[in-house]
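Here the structure comes first, spelled out in structure tokens, and everything after it is commentary.
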Amino acid sequence: MYDGDISSVLVTEEQVREKTAELAQQVAGDYADLVRDGRESDLVLIGVLKGAVMFMTDFARALPIPAQLEFMAVSSYGSSTSSSGVVRILKDLDRDIAGRHVLIVEDIIDSGLTLNWLLGNLQTRSPASLEVVTLLRKPDAVKVDVPVRYVGFDIPNEFVVGYGLDYAERYRDLPYIGTLDPSVYA
Ligand code: PRP
Ligand code: MN
Ligand code: MG
């Protein structure tokens, strides 16, 4: 599949699975006392479409405490390879998060601009708490320093695809994370 487009595998399926389980255990431990009292106290996961879709579903299934699944879709204006920090909501939440413990689920933090905007936006809705779990982070690319409580892998500043991450909407369906061969976007 996608012959020649992926120059190397950066994170294997197995590594994704192990890290997801690890993050889920960590989150469950941290939230166990906060989410003990039933429906209204369930953790609210907000998956950021489309990139976070694979991680969101695997993370939710690995999480041993009750969590409700919500989604937002946002799009940053700008070119396809870099974001501008100006974000537009394509799909908003369906329900109120006031008083709820909220965990944003992201696939990757690159410049940090999308997340920085999203944190600001969600904070105005008065959640009881607001934290972030991301599978990947590119430390070299960060333009704004966003507080991220849970990080799976810090990765080099290369163009990566797979497991939800796209280039021009392709490669999201790969089960692992790979580096895109420069010939694809050259
Ligand atoms: C990607 C990725 C993150 C964001 C990270 O989403 O899924 O949400 O960019 O970039 P940043 O830290 O530089 O803001 P994208 O906007 O490509 O939309 P998608 O999830 O639908 O692919
Ligand atoms: Mn995204
Ligand atoms: Mg994208």
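The values are calculated or read from the model by the stated rules, or taken from the named source; none is laboratory data. Treat the numbers as computed from the prediction; the structure is a model and nothing was measured. Cβ sites come from the backbone with ideal geometry, for glycine too, and all protein chains shown count toward neighbours.
Only one of (1) surrounded by 16 or more Cβ atoms within 10 Å (Cβ to Cβ); (2) in a helix (DSSP H, G or I) fails for Ile65. Which number is that?
(2)
Residues that are within 16 Å of ligand 2 (Cβ to nearest atom), modelled with pLDDT of 95 or more and under 30 Å from Asp37 (Cβ atoms): does the stretch 168-180 have at least one?
no
Identify, from the list Leu34, Leu93, Leu23, the residue that is surrounded by 13 or more Cβ atoms within 10 Å (Cβ to Cβ), assigned to a helix (DSSP H, G or I) and either more than 16 Å from ligand 3 (Cβ to nearest atom) or over 17 Å from the mean Cα position of the chain (by Cα) (or both). Spell out the reasoning first.
Details: Leu34 fails: assigned to a helix (DSSP H, G or I); Leu93 fails: assigned to a helix (DSSP H, G or I).
Going through Leu34, Leu93, Leu23 in turn, just one is surrounded by 13 or more Cβ atoms within 10 Å (Cβ to Cβ), assigned to a helix (DSSP H, G or I) and either more than 16 Å from ligand 3 (Cβ to nearest atom) or over 17 Å from the mean Cα position of the chain (by Cα) (or both): Leu23.
Going by the structure shown, is Gly99 more than 20 Å from Val74 (Cβ to Cβ), at pLDDT 95 or above, surrounded by fewer than 19 Cβ atoms within 10 Å (Cβ to Cβ) and not aromatic (Phe, Trp, Tyr)?
Values: more than 20 Å from Val74 (Cβ to Cβ): yes; at pLDDT 95 or above: yes; surrounded by fewer than 19 Cβ atoms within 10 Å (Cβ to Cβ): yes; not aromatic (Phe, Trp, Tyr): yes.
The answer is yes for Gly99.
Quick check on the stretch 37-53: of everything there that is in a strand (DSSP E or B) and of a type in the set (Val, Ile, Thr), which residue is surrounded by the fewest Cβ atoms within 10 Å (Cβ to Cβ)?
From the stretch 37-53, those in a strand (DSSP E or B) are 43-49; that's our starting set.
This time we only want the ones that are of a type in the set (Val, Ile, Thr), so: 44, 46, 48.
Numbers: Val44: 21, Ile46: 24, Val48: 24.
Step by step, filter the stretch 37-53, then rank; the result is Val44.
Checking the conditions here, which among Glu70, Glu131, Glu106 is under 12 Å from the mean Cα position of the chain (by Cα), acidic (Asp, Glu) and more than 16 Å from ligand 3 (Cβ to nearest atom)?
Values: Glu70 fails: under 12 Å from the mean Cα position of the chain (by Cα); Glu106 fails: more than 16 Å from ligand 3 (Cβ to nearest atom).
The conditions single out Glu131.
Within the stretch 32-70, take every residue that is within 11 Å of ligand 1 (Cβ to nearest atom) and of a type outside the set (A, V, I, L, M) and give me the one that is nearest to Val105 (Cα to Cα).
This residue is Gly47.
Only one residue in Leu23, Leu90, Leu45 is of a type outside the set (Lys, Arg) and touching a Ser or Thr at 6+ places or on another chain (Cβ under 9 Å), so which one is that?
Matching residue, one of Leu23, Leu90, Leu45: Leu90.
Conditions: (1) modelled with pLDDT under 95; (2) buried (at least 19 other Cβ atoms within 10 Å of the Cβ); (3) under 18 Å from Gly47 (Cβ atoms). Arg88 meets all but one. Number of the miss?
If we test Arg88 against (1) modelled with pLDDT under 95; (2) buried (at least 19 other Cβ atoms within 10 Å of the Cβ); (3) under 18 Å from Gly47 (Cβ atoms), just (2) comes out false.
Whether any residue in the stretch 37-44 is hydrophobic (A, V, I, L, M, F, W, C) and more than 16 Å from ligand 2 (Cβ to nearest atom) is what I want to check. Reasoning before the result, please.
We begin by selecting, within the stretch 37-44, every residue hydrophobic (A, V, I, L, M, F, W, C); these are 43-44.
Add one more test, that the residue is more than 16 Å from ligand 2 (Cβ to nearest atom), and what stays is 43-44.
Yes; the residues of the stretch 37-44 include at least one that is hydrophobic (A, V, I, L, M, F, W, C) and more than 16 Å from ligand 2 (Cβ to nearest atom).
Every residue, every condition in (1) within 15 Å of Phe71 (Cα to Cα); (2) surrounded by 19 or more Cβ atoms within 10 Å (Cβ to Cβ); (3) more than 16 Å from ligand 2 (Cβ to nearest atom), yes or no:
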| site | (1), (2), (3) |
| --- | --- |
| Val105 | yes, yes, no |
| Gly112 | no, yes, no |
| Gly120 | no, no, yes |
| Thr124 | no, no, yes |
| Pro127 | no, yes, yes |
| Val142 | no, no, no |
| Pro147 | no, no, yes |
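Does any residue of the stretch 102-118 turn out to be in a helix (DSSP H, G or I) and either in contact with a Phe, Trp or Tyr (Cβ under 7 Å, 6 or more places away or on another chain) or among the polar types (S, T, N, Q) (or both)? Step through it out loud before you land on a result.
Of the residues in the stretch 102-118, the ones in a helix (DSSP H, G or I) are 113-118.
If we keep only those that are either in contact with a Phe, Trp or Tyr (Cβ under 7 Å, 6 or more places away or on another chain) or among the polar types (S, T, N, Q) (or both) too, we end up with 114, 116.
Scanning the stretch 102-118, I find at least one residue that is in a helix (DSSP H, G or I) and either in contact with a Phe, Trp or Tyr (Cβ under 7 Å, 6 or more places away or on another chain) or among the polar types (S, T, N, Q) (or both), so the answer is yes.
This table checks each residue for (1) on the phi > 0 side of the Ramachandran plot; (2) of a type outside the set (Lys, Arg); (3) free of Cβ contacts under 8 Å to residues at least 60 places away in the same chain.
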site	(1), (2), (3)
Arg88	no, no, yes
Ile104	no, yes, yes
Leu130	no, yes, yes
Tyr167	no, yes, no
Leu180	no, yes, no
